[in-house]
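The block underneath contains the structure these notes are about, expressed in structure tokens.
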Amino acid sequence: MTPRSAEPPGGRGPDRQVLIALAALGMLAFNFPLLAVWDSEATVFGLPLLPVALFAIWGALIAALAVASERRGHGAAGPFLPAEPDEP
């Protein structure tokens with residue numbers, strides 16, 4: 001019996017360690033002690049700081065996941081890319 005690989009078929013997608021690190025970073029960023037830093041009377045363009053910070057952190061996590069996914073799959077042929085022709 002061969003051990004199962006934790007890697008998705010084709011070797012594409014982010015590493016498991018990167019996903020775990022991003023999940024831990026997200027849990028830490030959305031936890032109370034760090035959210036209390038943003039809870040103040042300050043405003044950004046007339047909006048309260050806490051919702052703006054939540055949206056910015058959320059967007060940064062999504063962007064980090066997109067970068068991690070693209071970096072891992074760079075150079076691999078995607079499902080919509082044609083295969084390279086065989087030379088005779």
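The values are calculated or read from the model by the stated rules, or taken from the named source; none is laboratory data. As the structure is a computational prediction, the values presented were derived from the model and not from experiment. Cβ sites come from the backbone with ideal geometry, for glycine too, and all protein chains shown count toward neighbours.
Tabulated data
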{"read-out": "Answer residue from segment 14-49, given it is touching a helix residue (DSSP H, G or I) at 6+ places or on another chain (Cβ under 9 Å) and among the polar types (S, T, N, Q) and is modelled with the lowest pLDDT among those", "value": "40"}
{"read-out": "Residue 68 vs. criteria in a loop (DSSP other than H, G, I, E, B) and at pLDDT below 90", "value": "no"}
{"read-out": "Condition broken by residue 59, with the remaining ones in (1) over 11 Å from the mean Cα position of the chain (by Cα); (2) part of a helix (DSSP H, G or I); (3) at pLDDT 90 or above satisfied", "value": "(1)"}
{"read-out": "Any hit, segment 2-13, residues being in a helix (DSSP H, G or I) and at pLDDT 70 or above", "value": "no"}
{"read-out": "Residues of segment 21-50 satisfying the condition of being assigned to a helix (DSSP H, G or I) and of a type in the set (Val, Ile, Thr)", "value": "37"}
